[in-house]
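Take a look at the structure below.
The values are calculated or read from the model by the stated rules, or taken from the named source; none is laboratory data. Because the structure is predicted, anything quoted here is derived from the model rather than measured. Don't worry about glycine lacking a Cβ; one is built from the backbone with ideal geometry, like all the others, and counts go over all protein chains shown. The protein model used for the area step is the full one, side chains on, heavy atoms only, and it has no ligands, DNA or RNA in it. Shrake-Rupley method; radii C 1.70, N 1.55, O 1.52, S 1.80 Å.
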Amino acid sequence: VQLQASGGGLVQTGDSLRLSCTPSGRTFANYAMGWFRQAPGKEREFVAGISWTGGSADYADSVKGRFTISRGRAKNSVYLQMNDLKPEDTAVYYCTASEYYSGILVKADDYVYWGKGTQVTVSS
(Lines give C-alpha, C1' and ligand atoms only; values in the text may rest on other atoms or scores of the structure.)
Protein backbone atom coordinates (compact mmCIF):
# COMPACT_ATOMS: atom_id res chain seq x y z
CA VAL A 1 0.00 0.00 0.00
CA GLN A 2 1.48 3.30 -1.07
CA LEU A 3 0.49 6.92 -1.24
CA GLN A 4 2.42 8.81 -3.89
CA ALA A 5 2.57 12.58 -3.57
CA SER A 6 3.57 14.68 -6.54
CA GLY A 7 3.46 18.22 -7.82
CA GLY A 8 6.10 19.86 -5.68
CA GLY A 9 8.79 22.11 -7.04
CA LEU A 10 10.70 25.37 -6.80
CA VAL A 11 8.54 28.49 -7.11
CA GLN A 12 8.67 32.15 -6.21
CA THR A 13 6.73 34.00 -3.55
CA GLY A 14 3.15 34.49 -4.65
CA ASP A 15 3.13 31.56 -7.06
CA SER A 16 0.81 28.55 -6.96
CA LEU A 17 1.28 24.82 -6.92
CA ARG A 18 -1.12 21.88 -6.93
CA LEU A 19 -0.08 18.77 -5.08
CA SER A 20 -1.62 15.42 -5.91
CA CYS A 21 -1.75 12.22 -3.92
CA THR A 22 -2.64 8.98 -5.62
CA PRO A 23 -2.77 5.67 -3.79
CA SER A 24 -1.74 2.27 -5.07
CA GLY A 25 -2.44 -1.13 -3.65
CA ARG A 26 -5.85 -0.29 -2.25
CA THR A 27 -8.63 2.26 -2.45
CA PHE A 28 -8.85 5.14 -0.02
CA ALA A 29 -12.28 6.25 -1.13
CA ASN A 30 -13.70 5.67 2.35
CA TYR A 31 -10.76 7.11 4.25
CA ALA A 32 -10.16 10.49 5.80
CA MET A 33 -7.13 12.03 4.11
CA GLY A 34 -4.82 14.90 4.82
CA TRP A 35 -1.64 16.80 4.12
CA PHE A 36 1.19 17.45 6.55
CA ARG A 37 4.49 19.20 6.02
CA GLN A 38 7.90 19.17 7.62
CA ALA A 39 10.48 21.90 7.27
CA PRO A 40 14.16 21.31 8.08
CA GLY A 41 14.73 21.24 11.83
CA LYS A 42 11.02 21.38 12.58
CA GLU A 43 8.38 18.87 13.57
CA ARG A 44 5.84 17.58 11.08
CA GLU A 45 2.78 19.81 11.16
CA PHE A 46 -0.81 19.54 10.03
CA VAL A 47 -1.66 21.49 6.87
CA ALA A 48 -5.13 20.34 5.79
CA GLY A 49 -7.52 17.46 6.25
CA ILE A 50 -10.65 16.29 4.49
CA SER A 51 -13.39 13.87 5.49
CA TRP A 52 -13.99 10.63 3.63
CA THR A 53 -17.01 12.14 1.91
CA GLY A 54 -15.11 15.23 0.89
CA GLY A 55 -17.82 17.34 2.47
CA SER A 56 -15.75 18.71 5.34
CA ALA A 57 -12.26 20.16 5.46
CA ASP A 58 -10.03 21.83 7.99
CA TYR A 59 -6.84 23.86 7.67
CA ALA A 60 -3.96 25.08 9.73
CA ASP A 61 -4.33 28.77 10.52
CA SER A 62 -1.13 29.51 8.60
CA VAL A 63 -2.65 28.32 5.30
CA LYS A 64 -6.33 29.27 5.65
CA GLY A 65 -7.52 31.30 2.69
CA ARG A 66 -4.52 30.24 0.57
CA PHE A 67 -4.69 26.43 0.43
CA THR A 68 -7.59 24.23 -0.61
CA ILE A 69 -7.81 20.48 -0.08
CA SER A 70 -10.10 18.42 -2.29
CA ARG A 71 -10.79 14.85 -3.32
CA GLY A 72 -10.99 13.42 -6.80
CA ARG A 73 -14.33 12.45 -8.33
CA ALA A 74 -13.85 8.85 -7.25
CA LYS A 75 -12.70 10.16 -3.84
CA ASN A 76 -9.63 7.95 -4.07
CA SER A 77 -7.17 10.79 -4.61
CA VAL A 78 -6.55 13.98 -2.69
CA TYR A 79 -5.24 17.31 -3.91
CA LEU A 80 -3.82 20.41 -2.29
CA GLN A 81 -4.14 23.65 -4.23
CA MET A 82 -1.63 26.10 -2.81
CA ASN A 83 -1.93 29.75 -3.78
CA ASP A 84 0.03 32.83 -2.74
CA LEU A 85 2.94 30.71 -1.59
CA LYS A 86 5.35 32.14 0.94
CA PRO A 87 8.93 31.19 1.87
CA GLU A 88 7.61 29.81 5.17
CA ASP A 89 5.63 27.24 3.17
CA THR A 90 8.91 25.61 2.18
CA ALA A 91 8.84 22.01 3.38
CA VAL A 92 8.40 18.42 2.38
CA TYR A 93 4.69 17.78 2.00
CA TYR A 94 3.21 14.41 2.88
CA CYS A 95 -0.19 13.01 2.11
CA THR A 96 -1.79 10.65 4.54
CA ALA A 97 -4.90 8.56 5.03
CA SER A 98 -6.74 6.66 7.70
CA GLU A 99 -10.01 4.83 8.01
CA TYR A 100 -12.25 7.30 9.82
CA TYR A 101 -15.91 8.12 9.31
CA SER A 102 -16.56 10.84 11.84
CA GLY A 103 -14.98 13.89 10.27
CA ILE A 104 -11.45 15.17 9.91
CA LEU A 105 -8.23 14.00 11.51
CA VAL A 106 -5.70 16.68 12.43
CA LYS A 107 -3.15 14.73 14.46
CA ALA A 108 -0.33 12.88 12.75
CA ASP A 109 -0.63 10.00 15.21
CA ASP A 110 -4.20 9.39 14.06
CA TYR A 111 -3.14 8.65 10.49
CA VAL A 112 -2.04 5.19 9.43
CA TYR A 113 -0.87 5.46 5.82
CA TRP A 114 1.77 7.94 4.70
CA GLY A 115 3.26 8.86 1.36
CA LYS A 116 6.94 9.57 0.74
CA GLY A 117 6.52 13.30 0.38
CA THR A 118 7.18 15.93 -2.24
CA GLN A 119 9.46 18.93 -1.80
CA VAL A 120 8.02 22.43 -2.06
CA THR A 121 10.52 25.28 -2.08
CA VAL A 122 9.38 28.89 -2.20
CA SER A 123 12.04 31.48 -2.91
CA SER A 124 11.72 35.09 -1.75
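Quick notes on this one:
- Per-residue SASA entry for Asp109, accessible area with 1.4 Å probe, Å² rounded to 10: 150 Å²
- Å² per residue, accessible surface of the range 15-82 at 1.4 Å: 48 Å²
- If you plug the beta carbon distance of Asn30 and Gln81 into 1/(1 + (r/R0)^6) with R0 = 25 Å, you get a FRET efficiency near 0.60.
- Over the range 1-117, Cα pairs under 8 Å with separation of 6+ residues give a relative contact order of 35 percent.
- Distance between the pseudo-spin-label points of Ser102 and Ala57 (7 Å out from Cα toward the beta carbon): 2.4 nm.
- Loop sites in the range 1-105: GluC sites (Glu not before Pro), DSSP, at most 15 other Cβ within 10 Å: Glu43
- The residue list Ala39, Val106, Gln81 was ranked by how far each Cα lies along the charge dipole of the range 37-124 toward its positive end, using unit charges on Cβ atoms, and Gln81 comes out on top.
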